[in-house]
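Down below is the structure, laid out as structure tokens.
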Ligand code: GLU
């Protein structure tokens, strides 16, 4: 082969390489591990949106009256990679109240302030096997809330955030969520008013925990702050960035700010894996292998540790209280991109 023939061959070879890496979902790096391509993620996120956008199954939560009024058609998916790439489909701007997903961030704040052992010993890291707002679960476990993602543990976590008063406690919790999102999140007054006037069960939970000596502040004050944290608005984009902060070992990949000590991230993800999706957490983990947290507002945040996060918003819920479309879209993305952490 002459010099020009060799050049032609090399150019052809380079072109094949570029074409292949652009269209493939994955490239294989030298160690044989899958490396995700942005094009591949875009394609799969779009497919997930198209596949489920007309799925109207499920029903908005209505035990908090304002939630029943939220537009059930909102459906947005945002993937944020560990290095800050944002890939979106659908309505990623419309917000819903964060509800239970806020529990992840308050638990993170408590860990940051008191350490991982404190969270485990004071609140717990076990599934209750009972509904998220169960009172009997506390009695059955000697006054322990069991974990920070059931209401008991979440209200307790709120009470343990160091603050001189309720105002400071709320400000710290809100600021922490804003840091995770890299954005000043809006407060949903309508949802707050609706819930704060109807949260007697949560008040009862806080009083029982107080009777067991488990609360770090006045129980009713903590319940009010907890209700506020549940009323913060998030869209799919916010959830994607918040999750990506955990995928990126505690550093927000967009703002570069460290929000949680890296050593605490796996602990928090472990609780998400065991108790993130109410009474369906086991089935979810079986399907996806991924730590996640849902909220009755219709949000779902899933973390693929060390890689990326998937934030989805769609208000209609299944019988467990998890967003139907958010679960379907997330499972689709995880399967198509081979993201199950147990399969790495
Ligand atoms: N604020 C809600 C409650 O306490 C949170 C419910 C949820 O998303 O699980 O009932």
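No value in this document is a laboratory result; all are computed from the given coordinates. Bear in mind that the values here come from a model prediction, so they are computed numbers and not experimental data. Every residue, glycine among them, receives a Cβ derived from its backbone with ideal geometry; neighbour counts consider all protein chains shown.
I need the Debye-formula profile for the stretch 100-160: one equal scatterer per C-alpha, no solvent, reported as log10 I(q)/I(0) at q = 0.25, 0.26 1/Å, two decimals.
So the normalised log intensities work out to -0.97, -1.04.
If we sort 72-82, 102-112, 266-276 on the protection proxy, mean other Cβ atoms within 10 Å, highest first, what's the order?
Ranked by mean Cβ neighbours within 10 Å, highest first: 102-112, 72-82, 266-276.
Subtract the Cα-Cα distance of residue 287 and residue 71 from 0.36 nm times their separation in residues, and report this length gain in nm to one decimal.
The span from residue 287 to residue 71 would gain 74.9 nm if fully extended.
Per 10 Å bin from zero, what fraction in whole % of the C-alpha pairs of the stretch 189-344 is there, up to the bin with the longest pair?
P(r) over the stretch 189-344, rounded to whole percents: 11, 33, 36, 18, 2.
Of the DSSP beta bridges with both residues in the chain, give the percent that are antiparallel, rounding to the nearest 5.
Bridges in the chain that DSSP calls antiparallel: roughly 100 percent.
Any idea what diffusion coefficient the chain gets from Stokes-Einstein, in µm²/s, Kirkwood Rh on alpha carbon pairs, 10 °C, 1.306 mPa s?
The Stokes-Einstein estimate is 77 µm²/s.
Over the C-alpha atoms of the stretch 281-344, what are the Rg and the largest Cα-to-Cα span, Dmax, in Å?
10.9, 32
Just grab the label-to-label distance for residue 270 and residue 162, each label 7 Å out from Cα along the Cβ direction, in nm (one decimal).
2.4 nm
Send over the per residue convex hull volume for the stretch 165-215, Cα only, as a whole number of Å³.
Cα-based convex hull of the stretch 165-215, divided per residue, equals 104 Å³.
Please work out the C-alpha center-to-center distance from the stretch 201-220 to the stretch 122-161 and express it in whole Å.
11 Å
Pop a pseudo-label 7 angstrom from the Cα along the beta-carbon direction at both residue 62 and residue 86 and give the gap in nm to one decimal.
Going by the 7 Å Cα→Cβ label model, 3.5 nm.
Hey, what did the stretch 286-331 get for relative contact order, percent, Cα under 8 Å, at least 6 apart?
Worked out over the stretch 286-331, it gives 34 percent.
For residue 51 and residue 204, what is the calculated FRET efficiency with R₀ set at 51 Å and r taken between the beta-carbons, to the nearest 0.05?
0.75
Helix 166-181: angle to the longest alpha-carbon principal axis of the chain, degrees 0 to 90, nearest 10?
Computed tilt is about 10 degrees.
Does anyone have the angle between helix 265-275 and the longest principal axis of the chain? Alpha-carbon axes, 0 to 90°, nearest 10?
70 degrees
For the peptides 321-330, 84-93, 174-183, 254-263, what is the packing order when you average, over each peptide's residues, the other Cβ atoms within 10 Å and list the highest mean first?
The densest-packed peptide leads the list: 321-330, 174-183, 84-93, 254-263.
Pop a pseudo-label 7 angstrom from the Cα along the beta-carbon direction at both residue 121 and residue 318 and give the gap in nm to one decimal.
Computed distance between label sites residue 121 and residue 318 equals 3.8 nm.
If you stretched the chain out fully between residue 212 and residue 263, how much longer would it get, using 0.36 nm times the residue separation minus the C-alpha to C-alpha distance?
Going from the current span to full extension adds 15.4 nm.
What order, most packed first, do the peptides 164-170, 217-223, 120-126 have when packing is the mean number of other Cβ atoms within 10 Å of each residue?
Highest mean packing first, the order is 217-223, 120-126, 164-170.
Pairing the Cα long axis of helix 236-247 with the longest principal axis of the chain, what angle in degrees results, from 0 to 90 and rounded to the nearest 10?
80 degrees
Just the C-alpha atoms of the stretch 33-161: what Rg/Rh do they give, with Rh taken as the Kirkwood radius?
Reported Rg/Rh (Cα atoms, Kirkwood Rh): 1.06.
Using the Kirkwood formula over every pair of different C-alpha atoms, what hydrodynamic radius in Å results for the stretch 122-265?
Here the Kirkwood hydrodynamic radius works out to 15.9 Å.
Sort out for me the Cα centre separation of the stretch 222-267 from the stretch 298-329, rounded to whole Å.
15 Å
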